[in-house]
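**Q** Below you'll find the structure I mean.
The values are calculated or read from the model by the stated rules, or taken from the named source; none is laboratory data. Given the structure is predicted, the values throughout are model-derived calculations rather than measurements. Glycine gets a Cβ as well: all are built from the backbone with ideal geometry, and neighbour counts include every protein chain shown. Heavy atoms of the whole protein, side chains included, go into the accessibility calculation; ligands, DNA and RNA do not. Shrake-Rupley method; radii C 1.70, N 1.55, O 1.52, S 1.80 Å.
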Amino acid sequence: MKTSELKACLKELGMSQGGDKGTLECRISKGEESVKLGLKTPDGNPVHQLKLAKLKPYAAKAGISPIGSLDEIMFEYIDFLKKNSNNDNGDKGEGDDSTKAEGGNASNGKKPDAAGLSSRVLQLAEEDDFVGILNLGGVGVTVSSSVAVLRKAYLKLSLVLHPDKNQSDPKSTTVFQALVNAYERISQPDLVADGPQARNAKKKAAAISRSNEGCRRTRVRCPRCKNPWSETSVEGNPDYFYNFMMTGIKSFNCATCLLEFGCMTALHDCPFCRHSFEYHPSDFHRKITCGRTNNNNGNSSTCTKEFGFHMFHCSDRITKNLKEEVREMREKRATITEQKQRRAESFRRRRRGKSDANAETAFLLGLTNECPRCGTSLADLDDADEIDHLRNCNDETKITANKRKKDATEDKKNEKKQRQELQEDVTAKAAWDLLGASSDTMWMLTDGALQKECAEQGVDVKGKETHEMIAGLVGSRKSLELTKYAGKKGRTKVTTESLPSSLHTMTEKQLRAVAASHGIEVDRKARKIDIIQLLQSEQEKSNGPLMITSGGDVETTKNEGNEGSNDEYIDSDSGSESDYEPDE
């Protein structure tokens, strides 16, 4: 079938018509399957016609991760309803004990058995069967599965096994740690070391060169114009820029449309089937399969060929310059992000409850081209007919069609925004890892990256602000390294290198995050200037008092005889003569 015929078929089904030919064919297959089985939501809405915003709550209730595109969530939800439909038509009341123990949904729609699932996780953890643990949620996982699939399996199980949801189980924390360990072992097998102390420094191994056997330089395309990135010498990008792109350290501009994009917003093509697949920076040091199902002449086949990602040589000098550039870039980015959030929050407060009224007023003044109710264009109306049109705009068919159009536009906008936020989280995390992943640079991380770190470390983030999440992470890391931090009273040394260069231009929220990264508690009533003075005083304590020697050199020393003193000592040669002669 031609692409136009596929889109016409999707239009009849009431489904989205965007994407390449393979995506359209797969979407039609699932849509026809949903229609044939009569799959509907508990409210009676056809599943295949749901928009992303309305589909997410149903998916979450079914234990399906609401993170992903419309097709991914919808396909999983259709499979879930189809499975439950088959169970309802089969032997009701004859449950499979192994299915219940592994967290499968019963035919009556009850939640998975958390106790049985926990015992199964602990049993598999003793056997080091990490793939088996992630497969307990019903998501098909293999060693070569992409990080996107692994994360879905992990999130699905975490909804059931999180300690906050199993407070009566004394082993809930151990179970959840086993789940996190299984996810890390499969997603990053070469970077996970044994022992809790090595776990916090696991990213350091990423800088070591590795073999490129079975690896390829995969095609990366611009998400706007779909043109390949950095495949010609015209753009002037050296080969090692591919490493920076795929690890999420930097974003680049398209040479054609000048759009800035990174690895999470770019389009990645499989080197074998040439179809796009979902990529995550954790896949860079792994060999994966795209797992794409292709329909050719009615025959469906899945791409199962393994491939890795080529790692180009990068000299130490370039890496050193990159670290300086990344640190400076993260400081600027943090300020820009904070400003955007403040403007967005101010805009939401001003526009709260007035969107419809503002849209109609703008239509009457000729500031918008379409009617906010039915979508009729101003070009179809005569002058001064806007008021009469609004008074008589009661065509339910047109209003419903326009509402669907607006919902589709809003879903697309939200999906794009979610991708951009995910890209920002990945870039911040990659920059933090490149700079050593130390506690005193946690202020670089975005809220999304912090929440992910807290989830992996088992730190509660419910209702916490940025500096509170950082304080929890710093405390968790220090509790795992008691010998290293013994006698330091919970604080990290404050140095010129650990503090951002733009300290005085930061907001109060960012300064609290910097203080929390160094283990410094700040009073809730403290102002911006108070936090800056506190950080500077801690920096002076770390540097110690100054001593000017007879040679004129300034040395930093510690007064061992009087630990509480911050005086400056000036020593000189008693036998030296001064050129200064007072006036008589």
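**Q** Ordering H504, H467 by how much accessible area each has at a 1.4 Å probe, largest first, what is the list?
**A** So, going from the largest accessible area down, we get H504, H467.
**Q** Accessible area of V131, 1.4 Å probe, to the nearest 10 Å²?
**A** 40
**Q** Moving to a separate point now. Probe 1.4 Å, all protein chains in place: accessible area of F312 in Å², nearest 10?
**A** Roughly 40 Å² of F312 is accessible to a 1.4 Å probe.
**Q** Next question. Averaging sequence separations of C-alpha pairs under 8 Å and six or more residues apart, then dividing by the length of the stretch 271-322, give the relative contact order as a whole percent.
**A** 32
**Q** What order do H389, H268 take when sorted by accessible area (1.4 Å probe), most exposed first?
**A** Per-residue accessible area, sorted high to low, gives H389, H268.
**Q** Mind grabbing the accessible area of I336 for me, 1.4 Å probe, Å², rounded to tens?
**A** The accessible area comes out at roughly 70 Å².
**Q** Follow-up. How far is it, in nm, from the label point at N394 to the one at N369 when both lie 7 Å from their Cα along the line to the Cβ?
**A** 3.0
**Q** Sticking with this structure for a sec: List, in the order given, every pair from K403/K462; K61/K452; K152/K332; K412/K528; K417/K464 whose Cα-Cα distance in the structure shown is over 29 Å. List each step's numbers first, then the result.
**A** Numbers: K403/K462 35 Å; K61/K452 22 Å; K152/K332 33 Å; K412/K528 39 Å; K417/K464 23 Å.
Violating the 29 Å limit, Cα to Cα: K403/K462; K152/K332; K412/K528.
**Q** Could you please put L13, L422 in sequence from largest to smallest accessible area, using a 1.4 Å probe?
**A** L422, L13
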